[in-house]
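Working notes, beginning with the structure itself.
The values are calculated or read from the model by the stated rules, or taken from the named source; none is laboratory data. Quick caveat: nothing in here was measured; it's all calculated off a predicted structure. Every residue, glycine among them, receives a Cβ derived from its backbone with ideal geometry; neighbour counts consider all protein chains shown.
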Amino acid sequence: MKGIKIRVPDVPAYRATPEACGANPTPIAFAEVYLALQNGTVEAQENPLTTIEAKKFFEVQKAIMLTGHIVDGLTTQIAPHLWNRLSDAEKKIFTDVTQEAAVRASAKVKAREAELVEEFRKKGLQMVQVDRKSFQDAVLKNKPLTGMGFTQSDFDKIQAAK
């Protein structure tokens, strides 16, 4: 990634990976990413495969690096004033159903991403599998967790969630 100009959101956690790999993270409004790729303002962008598909970024890029460094999540929340009105039985039902939905949603996201890898290959994009361990090691060496507002305990919990 050394020297590559990559569009990322203007958020420290999103800038950390490209900075650690020697890239030049460039904040650009999301609505302008397609045009920025098309006209060469940036050489790359950072998004999930489903976003690349939905926004047709695949039309203006030649390769996709499968780093898996950010994973989308589905979060269900309930306001405390509603949660506190629920009985223990209702809280259990809510928790059980949302956890079941999260497992299903995760499986669907993984399946769709696998499909997209093949669809993008068929469209002529180079799909590059990345050695995630060496990628992770390089990032952590150059961007310590504490510099991103995390602790080793945070990192360990995230790794255990795989």
Are any of the residues in region 64-77 more than 22 Å from Ala161 (Cβ to Cβ), within 15 Å of the chain's Cα centre (by Cα) and surrounded by 10 or more Cβ atoms within 10 Å (Cβ to Cβ)? yes
Restricting to region 89-112, name every residue that is within 21 Å of Leu49 (Cα to Cα) and of a type in the set (Phe, Trp, Tyr). none
Checked pairs for region 21-32, first in contact (Cβ under 8 Å) with a residue 24 or more places away in the chain, second basic (Lys, Arg), C-beta under 9 Å and 6 or more apart or across chains, list as Cys21/Lys2
What is the number of the single condition among (1) more than 17 Å from Thr17 (Cα to Cα); (2) in a loop (DSSP other than H, G, I, E, B) that Val42 does not meet? (1)
Within region 29-39, residues small (Gly, Ala, Ser) and in a helix (DSSP H, G or I) come out as Ala31, Ala36
Please specify each residue of region 22-42 satisfying the condition of being of a type outside the set (Ser, Thr, Tyr) and buried (at least 18 other Cβ atoms within 10 Å of the Cβ). Ala23, Pro25, Ile28, Val33, Ala36, Leu37, Val42
For region 49-69, does any single residue satisfy the condition of being of a type in the set (Asp, Glu), touching a residue at least 60 places away in the same chain (Cβ under 8 Å) and farther than 25 Å from Phe155 by Cα? yes
Give the residue, chosen from Lys92, Lys141, that is surrounded by 11 or more Cβ atoms within 10 Å (Cβ to Cβ), over 21 Å from Asn47 (Cα atoms) and among the charged types (D, E, K, R). Lys92
Members of region 129-162 that are touching an Asp or Glu at 6+ places or on another chain (Cβ under 8 Å) and not charged (D, E, K, R): Asn142, Leu145
Do we have Gly3 as at pLDDT below 95, more than 15 Å from the chain's Cα centre (by Cα) and either closer than 26 Å to Ala138 by Cβ or in a helix (DSSP H, G or I) (or both) here? yes
Could you please find all residues in region 6-27 being of a type outside the set (Phe, Trp, Tyr) and in a helix (DSSP H, G or I)? Pro12, Ala13, Arg15, Ala16, Thr17, Pro18, Glu19, Ala20
Matching residues in region 45-94 (touching a helix residue (DSSP H, G or I) at 6+ places or on another chain (Cβ under 8 Å), charged (D, E, K, R) and under 30 Å from Ser134 (Cβ atoms)) number 4
